[in-house]
Structure formats: C-alpha cells, structure tokens
Amino acid sequence: MTPPLLTRRVALGLAAFGASPAANLLGAPAIPAPAGHAPERMVLTMPGNPATTQSMTWETAAALTSPQGQVAKISAHPNFEASATTVQGKVNATDAGQPGSYLVTFTALEPGTRYLCRVGDGKAWSEWTAFRTADAGPAPFRFLYVGDAQNSIKSLWSRTIRAAYAAAPDARFIASAGDLVAEGHDVRLWNEWRDGLGFISATVPSLPVVGNHDLHRPPGTADAKNVLSVSPLWHRLFDLPDNGPDAAEMKGQSYFMDYQGARFVVVDVNVYANEEFDPAAKQRVWDAQIVWLNKVLSNNPNQWTIVLQHQPLYAMAKGRDYQDMRAVLGPLYEKHGVDMVLLGHDHLYSRSHKVAQGRVVDPAAAGIIYAISVSGPKMYKVDEPNRKLMAQVVDQTQCFQVIEVAPDVIKYLAQDADGVVVDRFELRKSGKSSTYVNQAPRA
Ligand SMILES: [Fe+2]
C-alpha cells in the first residue's frame, strides 16, 4: 500500500509542475551507470527570471539519445524523489571524438524556494544537487565575484574558488569577470575550470563575462585578429539570458539579470578595449551595444545597478590604458547612476574610492566604485597613473570577493586565497543617492 506521505508528495509535485512524477521506486538500490553514461561537469546558470528558471548543462563520454532532468522541492527525507518532475533536455553538441554536451531548463519554479535536481538519460543519473530560486522582490543576498582564472586553473585556481565557496556557501551565484580560460577554444582548459569548481558549479549558478582570451581564434588560424563571437564551447557550458544588444555576435555575451533589487549588467567590452577586430563589424557591435546599454540602464526599476565587464576603465596594470572605452562608457555609466563596476584583466587587485569624471569625489556625491580582481595565479606589475583613485591595491595575491546586497546597503569584502581580508567597504543607499564608507585595512 502507498504510504500517505508519498501520496501527498506526489500530489504536491503534480500541482507544482503539471507533469508526471518520477518513476523511481522507494528503497530501490542505485544502479551504477553504464560506462560513459554518467553525467559529468554540470554547470548551473540562470537564463531567464532567476526566481522561476534555472538551466543545467552537462557532459557524458557516450552519446545520449534522451537527455533529461528531474527537479523536486528540497527535503531531507529520501522520499522526495517521488515528487520529482521530469523535464526533457536537449543535445547541445556531439562532435566526433568529443563528449556529448546536454542542456535542460527547469521553468515555472517557485520564487525563494530550495530545490534538488539531477540530470541524465532516464536510467543513468547524476547525484541530486541543490539550488535556490531568487525571491520575487528585493531582499538581502550574497554573491561571489572573481577575476581571471585563466592559467593553471586546476592546479592553482581551484583553491581560490573552493575557499570562496567555503566562505559563502549561501552565495546565490558566481560572477566571473572574464578570461575564465587562456584559450576559449581549448576544451582541456574548460575541463580544468569545471574540475576546479567540482560540485560547486552544479549548485551555485555561474554569471560569466567574456574576456579577450575568450575571443581568441581557434589555434592554427592564420589571421591574428580576434573574433567577435566566443567559442562554441562557451555556449555548451553556459545557458545565459537572451536579452542583449541587437547584434547576433553578442548573444550570450552581453546580457542582464535582475536579482532581488539589483540589476546586473554583464557587458562584453572587447570592442571598446583596443582589441583587433574587423573594423565594420566592430563598429556595428559598438553602436548596438551603446543603444542597449542606454536602454537597460535607464529603464531600471532596481535599487542597485552593478556592471560586470572584463577590461577596466581605469587600468592598473603596467602599460595599459583604455582611453576610448573610458570616454564612451564612463559618462554613460555615470549618467545612469551605476553603483559599482566589477572587473578583471589586469591580474592584480585594486579598488577605487567613489569616482566621477576621472576624479575621487565626496563619499555622498554621485559616483562609481571600480574593483579589479584576480583569482588565478597569473600576476602583472602595478602601474601608477590611476593609483590616486584607489582605496586599496594588492599585488601578487589570488583573491575572491563576497558581496552582500540588501535594499539599503552593499557590503563588499575581498579576501585572499587563504581567507585573509584584504579589502572592505560599504555603500549605504537612501533614495537614489548612496554614501560610501571605506573600510580597507591598512597595509
Ligand atoms: Fe584579459
């Protein structure tokens, strides 16, 4: 006879998702997956409203004909499997000699709710892994921000991202500010990136930014110029919002997401940052992106606006300066009241005071905080020209940042890979204006 508890859970599952419950039997022993069918390297993302939608990508060594996922509200009781809903997945790619790549998207989820999900082919499944949907409206949360991973990813980046997760296991997502790998076309490096994260990439969604290394041409291509679109590998890993500029090349490269009172605008700024592209294509993307930025920054009901991009407006690495980008994006960000810009590329740590028109301004005046960070082991020398804008500069140090966002305050904390606090500040908001409080520890 079916226990009453099971009956209730099945009914809940049906009501919540309008689909049939999972076929798993209570108490049935787990069956080992056939060789090559075990899901690996799962990556969670938020392609739509983060309160209702999550996507998972994964790989298998063998080709799957029926990729699928299951999702259920979280429970410590093992019977939760009976309330799971099965969702059809799709094949991302099955190139000869490469692992199969798959995607499933869970929709119509409830806001502010913890779920368990797994992926597979209906017979061989991954482990159940937990995620949480965003609340429907403004509410406090934390997220992780890291700079370039790029080199020795498995060997030396993994410790940073694992320390970050240990410091903030409740982080709602990981914002990676570009150059996640040194060569975007090299699957071995993406494997290192996913292996460095391990289970973390399946339980904390990723919010990746496109860096210049993500736009390198495939190895062996004669033309040294970069290309405007990322490697197909990017799209195999990341199912991202399709709400970017009116330029096909930027699909999944520039996008925005509203999360509990904050708008996160992820911008592929490579066209503004001295990278070599076909001139006509570069101009077209340049213009389309400005139109889009004006739209998403002006039509913004959120209390906070945070921009994520790779190359910095106020560079700190020796020999770098992005005048064109600063001239076009600086006034635009200031005009629309951007609060904070999170960056990478310079392979060092630096964080500005509140800045407007190239100068440090009063803590209560209108202005923007710019942070540059690095999580991998590649380091550059610090240059002087923009040091006068900075509240904190740290070199030769792998770092991660835990950022708490509440309706009235942002609390920013940077730590090194060993957990030592290297920087801290707050932005306190009242109406449309904010007050900046520097709390950086002295060297
Ligand atoms: Fe870079």
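Each reported figure results from applying straightforward, stated rules to the coordinates on display, with no laboratory input. Just so it is clear, the structure is predicted and the values come from calculations on it, not from any experiment. Cβ atoms come from the backbone with ideal geometry, glycine included; neighbour counts cover every protein chain shown.
Side notes on the structure shown:
- Crossing angle, helix 4-17 versus the chain [Cα axis fit, 0-90 degrees, rounded to tens]: 50
- Charge dipole magnitude, Cβ of K and R +1, D and E -1 - the stretch 141-438, Cα centre, debye nearest 20: 520
- Rounded to the nearest whole Hz, the Karplus-based 3J(HN,Hα) values (6.51 cos²θ - 1.76 cosθ + 1.60, θ = phi - 60°) of the stretch 131-144 follow the sequence 8, 10, 7, 5, 5, 6, x, x, 6, x, 7, 10, 9, 9, with x at glycine and proline.
- 11 Å beta-carbon shell around I74, net charge (K/R +1, D/E -1): +3
- Over the chain, DSSP H runs of length four or greater, each weighted -39,500 (n - 2.57), average out per residue to a 222 nm ellipticity of -5500 deg cm²/dmol.
- J(HN,Hα) series, the stretch 33-41, from Karplus relation 6.51 cos²θ - 1.76 cosθ + 1.60, nearest Hz, glycine and proline x: 5, x, 3, x, 9, 5, x, 9, 6
- Amide H to amide H, with H built 1.01 Å from N, R424 comes under 5 Å of A414, Q439, A440, counting only residues 5 or more places away or on other chains.
- The chain, relative contact order in percent, only Cα pairs under 8 angstrom and at least six apart counted: 14
- Backbone HN-Hα couplings from phi across the stretch 83-88 [Karplus 6.51/-1.76/1.60, Hz, Gly and Pro as x]: 9, 6, 9, 8, 10, 5
- Restricting the trypsin sites (Lys or Arg not before Pro) of the stretch 338-443 to loop positions (DSSP other than H, G, I, E, B) with no more than 10 neighbouring Cβ atoms within 10 Å leaves K432, R442.
- Per-pair calculated FRET efficiency, R0 = 51 Å: E110 and A364 via Cβ, rounded to 0.05: 0.80
- Cut-off under 5 Å, modelled amide H: who pairs with G244 long-range: G252
- Straight-line cross-link partners of K90 among the lysines, defined as a Cα under 27 Å from its Cα and at least 8 positions apart when in the same chain: K73, K123, K251.
- Taking amide H as placed 1.01 Å from N in the peptide plane, Q392 has its amide H under 5 Å from the amide H of R351, each at least 5 places away in sequence or on another chain.
- Point-to-point label distance, K381-D418, nm (Cα→Cβ direction, 7 Å offset): 2.6
- Local electrostatic count at G419 - Lys and Arg +1, Asp and Glu -1, tallied over other residues with Cβ under 14 Å: 0
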